[in-house]
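Everything on this sheet refers to the single structure shown next.
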Amino acid sequence: MPAASPGFAHNPRLWFLALHPGTPMTERALVWFKRDLRTHDHAPLAAASACQQALGLFVVEPEWLDSPEFDAQHLAFAMACLHPLRRDLAAIGLPLQLRVGPVTAVLGQLHAAYPFTHLFSHEETGPGWSYARDLAVADWCRACGVVWTEWPQNGVVRRLKSRDGWALRWQQRMDAAPPAVPTALRGAAVDLTDWPTLQELAAAASRPQPPSRPLPAAGEAAAAVDLNSFLQRRGHSYRRDLSSPLTAAQGCSRLSAHLAFGTLSMRQVHQATEQRIARLQAAASPAERSFAYHLRGFSGRLRWHCHFMQKLEDEPTIEHRNFARTADGLREADFNPEHFEAWCQGRTGYPMVDACMRSLNATGWLNFRMRAMLVSFAAYHLWLHWRQPGLHLARQFLDFEPGIHWSQMQMQSGTTGINTLRMYSPAKQAAEHDPQGAFVRLWVPEFGTAEYPQPIVDEKLALAAAKARLYGLRKTAAANDEAEGIQHQHGSRKSGLPQPNNGSRRVKPRAEPVPSPQLDLFDG
């Protein structure tokens with residue numbers, strides 16, 4: 001699929017007609033909603049207005065329900081987004097189908113009743129199962145004579161040949177005018193099946209599901225409320241608030257789940273933030289200028305969201321294997337299941353680590369600095385390979401975003417070959433970000449009693465062993481040669497990016513500039 005030219009980037013209908021010259025208005029479109037559950041800034045939806053008939057579709061896929069990253073909260077949040085989307089689409093004339101099953105089977109069933117000629121969707125950077133699904137859909141479309149058109153919905157560039165110029169392309173996409181919401185689509189006259197209930201959908205999963213967590217407000221309207229409250233009020237001291245789990249819950253944007261499920265686009269966040277900053281900077285009030293300073297810190301981190309997703313797009317295998325192949329075998333044989341289970345349950349004997357894990361397990365959210373500490377503790381103190389801890393965290397994070405998640409798991413575990421090693425001290429993090437112990441007392445009420453376990457490892461000895469092995473590896477010629485190739489393929493080319501000040505114990509940095517550990521759109 002060719003990339004959109006600047007002239008058509010903001011008008012999917014014109015782009016569609018340019019790509020398919022002579023397309024008659026009698027063409028029938030199927031708009032496939034995936035992780036883009038909104039009506040605004042939605043190129044496939046806008047393109048459907050060029051067709052005489054259109055139908056919307058969301059598929060609950062068995063491959064998703066059975067994937068090791070899936071949790072019941074993900075399905076519950078998706079359904080909570082779909083119900084208002086169904087209403088909003090009906091208001092502009094587009095019926096929305098909800099089906100359960102493999103996508104190609106669902107497409108075949110729909111095509112028999114509604115012989116659509118075009119399939120419209122956004123590109124997706126997801127786990128391996130979604131990539132295999134897309135290959136199967138492409139084969140199905142070719143076999144059935146259906147034209148499948150995909151549009152990018154963020155800064156990730158498909159089939160990218162070089163990272164040179166990537167930041168400029170990101171900026172151009174984010175600054176482009178979004179497509180308008182169609183006002184009157186010509187909905188297909190098809191029989192709409194009754195939507196299954198959440199309980200019926202959950203029963204379709206082969207794995208037993210844990211109890212549901214309380215969910216934040218879902219849907220496009222809720223996303224707009226959260227964005228507005230952050231830009232108008234909550235973000236006034238963002239740079240100070242985002243580090244502590246006590247203040248980050250309100251001071252962070254809390255937009256990450258909305259971005260992960262697509263009830264808000266990255267372009268909407270970028271443009272709304274820049275507009276708010278411009279208004280604040282034009283004001284004479286010191287308080288308003290201070291607000292602009294804090295929002296500029298937030299704006300400067302938005303690019304990192306897509307930067308990390310681009311890594312998975314360019315090298316899909318990083319969800320399973322190390323970026324740096326010289327790190328293969330570093331931890332795998334030493335995996336300790338008892339240590340892993342204690343870490344998952346928040347029973348390590350390190351109160352800040354345990355409080356963060358218990359909070360995350362209960363709520364589905366944690367601010368980034370504390371996420372990074374959890375991964376650092378698993379990787380260095382417990383010497384656990386990142387894959388199993390990564391799967392546990394993926395199930396806990398409501399805002400699980402595969403590209404960011406697996407890139408960050410490896411970055412915080414020291415297996416990228418190009419990033420600074422961050423070895424967080426739980427005691428130091430507690431002293432700096434929970435000095436009165438309020439967060440620990442909330443989530444670890446038995447701390448200080450006989451019920452609380454002793455530390456499962458000695459921090460000094462564990463970190464000394466981790467440093468010896470990692471320093472030794474990074475000094476080898478093979479590791480340094482490999483780092484050059486990794487940097488060439490995945491490293492940022494943008495100068496002047498925010499540098500870390502995270503209170504971690506740091507070793508000699510590698511080639512890639514290190515993004516701020518408070519990357520807000522990883523933690524919301």
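The values are calculated or read from the model by the stated rules, or taken from the named source; none is laboratory data. Please read all numbers here as calculations on a predicted model, not as lab measurements. Note that we place each Cβ from the backbone using ideal geometry, even for glycine, and neighbour counts take in every protein chain shown.
Things to note:
- Residues in region 249-273 that are under 15 Å from the mean Cα position of the chain (by Cα), of a type outside the set (A, V, I, L, M, F, W, C) and farther than 21 Å from Ala43 by Cβ: 3 in all.
- Of all positions in region 316-330, at least one carries a residue that is part of a loop (DSSP other than H, G, I, E, B), of a type in the set (D, E, K, R), in the same structural domain as Arg474 (by TED's automatic domain parsing) and at pLDDT below 95.
- Scanning region 336-359 for residues that are in contact (Cβ under 8 Å) with a residue 24 or more places away in the chain, surrounded by 24 or more Cβ atoms within 10 Å (Cβ to Cβ) and hydrophobic (A, V, I, L, M, F, W, C) yields Trp343, Met352, Val353, Ala355, Cys356.
- Residue within region 240-248 that is of a type in the set (Ser, Thr, Tyr), surrounded by 14 or more Cβ atoms within 10 Å (Cβ to Cβ), outside any loop (DSSP other than H, G, I, E, B) and at pLDDT 95 or above present: no
- Residue selection: Trp15 satisfies the criterion of being under 25 Å from Met266 (Cα atoms) and at pLDDT below 95.
- Applying the criterion of at least 1 residues that are touching a strand residue (DSSP E or B) at 6+ places or on another chain (Cβ under 9 Å), surrounded by 13 or more Cβ atoms within 10 Å (Cβ to Cβ) and at pLDDT 85 or above to the helices (runs of 4 or more DSSP H) found wholly in region 435-524 leaves 459-474.
- Within the option set Arg347, Arg289, Arg276, being of a type outside the set (Ser, Thr, Tyr), more than 23 Å from the chain's Cα centre (by Cα) and not in a helix (DSSP H, G or I) holds for one residue only, Arg347.
- Look at region 151-162: where a residue is farther than 17 Å from Gln489 by Cβ and a partner is surrounded by fewer than 22 Cβ atoms within 10 Å (Cβ to Cβ) and among the acidic types (Asp, Glu), sitting 6+ places away or on another chain with Cβ atoms under 6 Å, you get Pro152/Glu123.
- Residue in region 28-44 that is in contact with a helix residue (DSSP H, G or I) (Cβ under 9 Å, 6 or more places away or on another chain), assigned to a strand (DSSP E or B), under 28 Å from Gly390 (Cβ atoms) and modelled with pLDDT under 95 present: no
- Restricted to region 417-434, and to residues there that are in contact with a Ser or Thr (Cβ under 8 Å, 6 or more places away or on another chain) and assigned to a loop (DSSP other than H, G, I, E, B), the residue that is nearest to Met79 (Cα to Cα) is Asp434.
- Checking Leu421 against (1) in contact with a strand residue (DSSP E or B) (Cβ under 8 Å, 6 or more places away or on another chain); (2) modelled with pLDDT of 95 or more, the condition it does not meet: (2)
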